[in-house]
1. What is the number of the single condition among (1) outside any strand (DSSP E or B); (2) in contact (Cβ under 8 Å) with a residue 60 or more places away in the chain; (3) within 13 Å of another protein chain (Cβ to nearest Cβ) that residue A:211 does not meet?
2. Based on this model, can you work out whether residue B:372 counts as within 11 Å of chain A (Cβ to nearest Cβ), assigned to a helix (DSSP H, G or I) and modelled with pLDDT of 90 or more?
3. For a quick check of your reading: which strands (runs of 3 or more DSSP E) sit entirely within segment B:170-255 and have at least 2 residues that are farther than 29 Å from residue B:125 by Cα and in contact with a strand residue (DSSP E or B) (Cβ under 8 Å, 6 or more places away or on another chain)?
4. Which is assigned to a strand (DSSP E or B) and out of contact with any helix residue (DSSP H, G or I) (no Cβ under 7 Å at 6 or more places or on another chain), of B:61, B:24?
5. May I ask you to list the residues in segment B:151-165 that are buried (at least 17 other Cβ atoms within 10 Å of the Cβ), in a helix (DSSP H, G or I) and in contact with a helix residue (DSSP H, G or I) (Cβ under 8 Å, 6 or more places away or on another chain)?
6. Quick check on residue A:150: is it under 22 Å from residue A:286 (Cβ atoms), part of a loop (DSSP other than H, G, I, E, B), more than 9 Å from chain B (Cβ to nearest Cβ) and in contact with a strand residue (DSSP E or B) (Cβ under 6 Å, 6 or more places away or on another chain)?
7. Might you check whether a residue that is under 21 Å from residue A:108 (Cα atoms), surrounded by 24 or more Cβ atoms within 10 Å (Cβ to Cβ) and in contact with a strand residue (DSSP E or B) (Cβ under 9 Å, 6 or more places away or on another chain) occurs anywhere in segment A:155-174?
8. If you check B:299, B:316, which single one turns out to be modelled with pLDDT under 90 and in the same structural domain as residue B:251 (by TED's automatic domain parsing)?
């Protein structure tokens, strides 16, 4: 089963003809993901290494059965691309694009939820279900199939922890990057709920960072609604207030969103929090013993 | 991006929120002529991106142009919580009968804009929220529905504004604040205080305005408002070179790839007993030019005594990153000790490449914690 992406995924890449979209789209296909089409308005009729390029997402859905869209469109046009995908009828939208204005995401967030469409990102590395499908920019080589679900606001930090798990002989059901922006399509709670319901996932590692209150909400959810054990990591203990730390969403506003507050909230709900990525991977390994 | 009071007021003016007439001044002489042009009593206000200006002596009421010049001389150059005053806003003095508070913020948790309004203005809003939560009216706006006039009425009646003309004026300002919030992609629009004059006129006496950095591409006029003189010089250099950099106050220069891993690296340096000099994210890759640019920014900080590279190779393989680092070091003459920790795809190959290069100041460590300890020792 896994979550979000699997062997049922039929992928359309919006922006397949751009350099990033092409590179990662073809990598995803090489991994085994069913890539059915690309969309670039005005370039319909072309192809990228045998993948048909269409003018609209609607064509990809109607003619090629696309059910998942990956958005590689530049930020000024990305919101429009996301709306197009939602209206075309895909069930999952994964937006890799970084730099989408936060106000655009407020509206998209409300819109996508009202239509029951699942969205990851923006500013996210995508999702990988090892051995099944990879949609996004996660380096699949460093992960193996297994029972640990991994959900994170960060890319490389997740790869680090996943890599350490792999070296200890532990695999993953699905690795999910929810994105580093202030407003993203799916929250930690949304993904935790999917992991809780996924028979292939037995344990979960949650990787959070400063800014917002999604880790705090996750802590409450885990305590009240999850039976599967979770361990966590939080980045940004030494971040100064008011500074954006790489991710647009990684900012301490006033006294809200600190790493200490998140760690305390998680621990208060009985969730162990590692002080380093390595310790976090070790805590996850302990769960499996 | 945070705006100065006068810049926020300019945006208020553009959407029709009433503000007092004023002029910008950067010298005492300019302050004098601004005051003379405005006529009558003026307020000389320090323009800094921090609170507590009044208590720090950054706001003075001047009876005339002469006095405005005297106060301007006092306030210019003043250090307010680490912010040096370089700009003054000279504004026609307003008589104050009552002080209210009105704001519209980007509520991340609820994913909606949030209005807050209280008749207990002029003080810290968090205090009002704590001491008399009942006096603070909060109301979310549906991002798809947008603003509707009933919401202004909810705020105005809910907070207990009784005077009819005041109700009308404030309701209008509430709607216009939403216009400003949406039109300029604001993360925060705050009016504290929103005043009522003895003649019953309502206007914004102060402004706090933050615009989403990711939306600046569609607001050229706002992007130009950035005051490069007020930015940390290292952060300004980083911006110019498109390096993601935040200045901290320590001795270990830090470079990581990816925002999360870079944040984690800064944390690990602290846990190892050291003090990070900066946060710096090389991005997902690690190409030579990116490394050169980042190193130029980091080593410009005279406090830096050692450098810690923390790289996880994913799609960009560690051997490529190692070559990038060597190429970058070849282009620069760096004498500082450097600790490199490489992990992930082709890590062994990458470490071998670095070890063979055998630069005297370059050390390779296999784990993040060990590398951090090494870098901290070298910076001591």
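The values are calculated or read from the model by the stated rules, or taken from the named source; none is laboratory data. What you see is a predicted model, and the numbers here were worked out from it, not measured in a lab. Positions of Cβ are generated from backbone atoms using ideal geometry, with glycine treated the same way; all protein chains shown enter the neighbour counts.
1. (2)
2. yes
3. Values: elements: B:186-196, B:202-204, B:208-211, B:244-247.
Strands (runs of 3 or more DSSP E) meeting the threshold: B:244-247.
4. Values: B:24 fails: out of contact with any helix residue (DSSP H, G or I) (no Cβ under 7 Å at 6 or more places or on another chain).
Result: B:61 is the single residue among B:61, B:24 that is assigned to a strand (DSSP E or B) and out of contact with any helix residue (DSSP H, G or I) (no Cβ under 7 Å at 6 or more places or on another chain).
5. In the first step, residues of segment B:151-165 are kept if they are buried (at least 17 other Cβ atoms within 10 Å of the Cβ); the result is B:151-152, B:154-156, B:159, B:161.
Of the ones still in play, those that are also in a helix (DSSP H, G or I) are B:151-152, B:154-156.
The answer is B:151, B:152, B:155, B:156.
6. No, not satisfied.
7. no
8. Numbers: B:299 fails: modelled with pLDDT under 90.
Unique residue meeting the criteria: B:316.
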